[in-house]
Amino acid sequence: MRVEKQLISKEYVARLNASPFFIVVDYTGLKVGPVTELRKRLVRSGAEIHVVKNSIFKIAAKEAGVELGSLAGQLAVVTGQKDISSAAKVIKTFTSEFEKPKIRFGVLNNQRLEAADVNALADLPSIEVLRGKLLGVLQAPATKLAVLLNTPASQLVRVLQAKADKDGAAAPAAEAAQA
């Protein structure tokens, strides 16, 4: 392999090793303007897309410890530092608008995901939403316990307040009757 291709291959290996996931898309027929828009959207979600040469990418993936099988067509690779769900959402939304690119497959923690799996990940809520839901589930028992423990005390206070109000209202009436 030529020196230039070796350098590009090393760059791809570094990019694949730095990302916990990658998604391979077929961008055939996508013009420069929409590709630029897709890049901008992916950057906002913490990901990036790079057009790759299939033969070099296959070598880089093998060096990174990922078996891809055969690659054909015009491929681009989406990598990122955040969760795969947000990048998959951007691609799925973009595909619904422009009908391109087509998700071919993905890899998450060195495990291959088919296009349907990547689309399923796109339908998941973001990691922040999932964390919020988990926190709510964890806090619910503690909240119910605090309410349960406070209920008898608050009921006692209400009874005493009602008694005090009743005694206070009865006192002026008794004074009026004596006068």
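No lab work stands behind these numbers, since they all come straight from the coordinates. If you're wondering where the values come from, they're calculated on a predicted model, not measured in any experiment. Every residue, glycine among them, receives a Cβ derived from its backbone with ideal geometry; neighbour counts consider all protein chains shown.
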- Query: Relative to the longest principal axis of the chain, what angle (0 to 90°, nearest 10) does the C-alpha long axis of helix 127-178 take?
  - Reply: 10
- Under a point spin-label approximation (7 Å from Cα along Cα-to-Cβ), what is the K10-I127 distance to one decimal in nm? 3.0
- What percentages, rounded to whole numbers, describe P(r) for the range 40-81 computed over all alpha carbon pairs with 10 Å bin width beginning at zero? 27, 48, 25, 0
- Item | Compactness relative to 2.2 N^0.38 Å, alpha carbon Rg of the chain | 1.95
- Determine, from the Cβ-Cβ distance of D167 and A140 and an R0 of 30 Å, the FRET efficiency 1/(1 + (r/R0)^6), rounded to the nearest 0.05. 0.15
- Query: What range in the chain is the longest one free of GluC sites (Glu not before Pro) that are in a loop by DSSP and have at most 13 other Cβ atoms within 10 angstrom?
  - Reply: 100-179
- Listed residues S154, I127, V43: farthest to the positive end of the dipole of the range 10-161 (Cβ charges): S154
- Degrees, to the nearest 10: 3-18 long Cα axis against longest axis of the chain: 20
- In Å, the Kirkwood hydrodynamic radius of the range 94-148 over pairs of distinct alpha carbons? 14.3
- Query: Where the only charges are on Cβ atoms (+1 Lys, Arg; -1 Asp, Glu), what is the dipole of the chain about its Cα centre, to the nearest 20 debye?
  - Reply: 620
- Task: Report the calculated FRET efficiency for K82 and V157 (r = Cβ-Cβ distance, R0 = 41 Å), to the nearest 0.05.
- Result: 0.25
- To one decimal place, what Kirkwood hydrodynamic radius in Å is obtained for the range 1-69 from all pairs of distinct Cα atoms? 13.2
- Loop-only check: which trypsin sites (Lys or Arg not before Pro) in the range 66-132 are DSSP coil with at most 16 other Cβ within 10 angstrom? K82
- Once the dipole of the range 3-124 is set up with Lys and Arg at +1 and Asp and Glu at -1 on Cβ about the Cα centre, which of L68, P20, G80 lies farthest towards its positive end? G80
